[in-house]
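Working notes for the structure below.
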Amino acid sequence: MFTGIIKAMGSVGKILPQGGDFRITFRADGIVWQDFEIGESIAVNGVCLTAIKLHEDGFDADVSGETMRVSAFKDLAENTPVNLEPSLAIGERIGGHFVSGHVDCIGQIVSRKKDARSIAFEVDLPEKYARYIAAKGSVCIDGVSLTVNGVHNTVFTVNVIPHTADATVIGYYSVGDKVNIEVDLIARYLERLIDQPNNGVITKEFLKVNGYE
């Protein structure tokens, strides 16, 4: 489990094909890697990976062919900057929202504009996932927890403050870039509750009255 608060911005080291999948080295100076152990979970651009080898300045992870296909990892190359977040520890502050590290889909940056000192982005995503995005709700983009400003059809908008732009790969985004999207877990569970029999307790009207719709 993660929070969407990036601990360090690193980069891709080597990408080595391994008989149908890949072993990738990630490097970052902003994390004390000696404090970690093999087998720990680390989110890279929002994708939960398992550290199989640790270095003084990073770690290696095995990445399946499926992960490469269904995430923006397919566009990774050596020296590509990446967002890094180790898994949440009991007792830590949760500054963002609960993030599983299981990417739902690939989105695309369709506009980037200055908005005072912030940057306003429009992001397009597949139609089947647009239903999970709500104004003032949470969304995870490349591992970063952000608040949705508005939604129109399959496009949603977010504002990124200067600190976030400087501390994450979001500052590098250009129109046309592909990004990893994880929708809010609460939206998925609410959909499931409504779709399944629950003795009429959880209904759309119930959710609306209690501020969930």
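So Gly176 ticks every box in (1) closer than 20 Å to Asp75 by Cβ; (2) surrounded by 15 or more Cβ atoms within 10 Å (Cβ to Cβ); (3) more than 17 Å from the chain's Cα centre (by Cα) but one. Which box is left unticked?
Among (1) closer than 20 Å to Asp75 by Cβ; (2) surrounded by 15 or more Cβ atoms within 10 Å (Cβ to Cβ); (3) more than 17 Å from the chain's Cα centre (by Cα), the lone unmet condition for Gly176 is (2).
Tally the residues that are assigned to a loop (DSSP other than H, G, I, E, B) and either polar (S, T, N, Q) or in contact with a Pro (Cβ under 9 Å, 6 or more places away or on another chain) (or both), restricting the search to segment 166-193.
Residues of segment 166-193 that are assigned to a loop (DSSP other than H, G, I, E, B), as a first pass: 168, 173-177, 184.
With either polar (S, T, N, Q) or in contact with a Pro (Cβ under 9 Å, 6 or more places away or on another chain) (or both) added as a condition, the list becomes 168, 174.
Final tally of qualifying residues: 2.
Any idea which of (1) surrounded by 15 or more Cβ atoms within 10 Å (Cβ to Cβ); (2) within 17 Å of the chain's Cα centre (by Cα) is the one Ile94 doesn't satisfy?
The one condition Ile94 does not meet is (1).
How many residues does segment 12-53 hold that are over 15 Å from Ser87 (Cβ atoms), polar (S, T, N, Q) and surrounded by fewer than 17 Cβ atoms within 10 Å (Cβ to Cβ)?
Residues in segment 12-53 being over 15 Å from Ser87 (Cβ atoms), polar (S, T, N, Q) and surrounded by fewer than 17 Cβ atoms within 10 Å (Cβ to Cβ): 2 in total.
Go through segment 30-55 and give me each residue that's in a loop (DSSP other than H, G, I, E, B) and either touching a Leu at 6+ places or on another chain (Cβ under 7 Å) or closer than 13 Å to Gly13 by Cα (or both). Break it down stepwise before answering.
The first filter runs over segment 30-55 and keeps only residues in a loop (DSSP other than H, G, I, E, B), leaving 30-32, 36-40, 45-46.
Ile31, Phe36, Ile38, listed by residue number.
When only residues in segment 74-98 that are without any contact (Cβ under 8 Å) to a residue 40 or more places away in the chain and among the hydrophobic types (A, V, I, L, M, F, W, C) count, which is farthest from Ala43 (Cα to Cα)?
Going through the qualifying residues, I end up with Ile90.
Kindly indicate whether Thr67 is in a helix (DSSP H, G or I) and among the hydroxyl-bearing types (Ser, Thr, Tyr). Before you say what the answer is, go through the steps one by one.
On the way: in a helix (DSSP H, G or I): yes; among the hydroxyl-bearing types (Ser, Thr, Tyr): yes.
Criteria met by Thr67.
Can you give me the number of residues within segment 117-136 that are over 16 Å from Ile186 (Cβ atoms) and of a type in the set (Phe, Trp, Tyr)? Reasoning before the result, please.
If we filter segment 117-136 for residues that are over 16 Å from Ile186 (Cβ atoms), which is where we start, we get 117-128, 130.
Narrowing further to those that are of a type in the set (Phe, Trp, Tyr): 121.
Residues meeting the conditions: 1.
None of the figures in this text is laboratory data; all of them are computed from the coordinates on show. Note that the structure is predicted; figures quoted are calculated from it, not measured. Ideal geometry is used to build each Cβ from the backbone, glycine not excepted, and the neighbour counts take in all protein chains shown.
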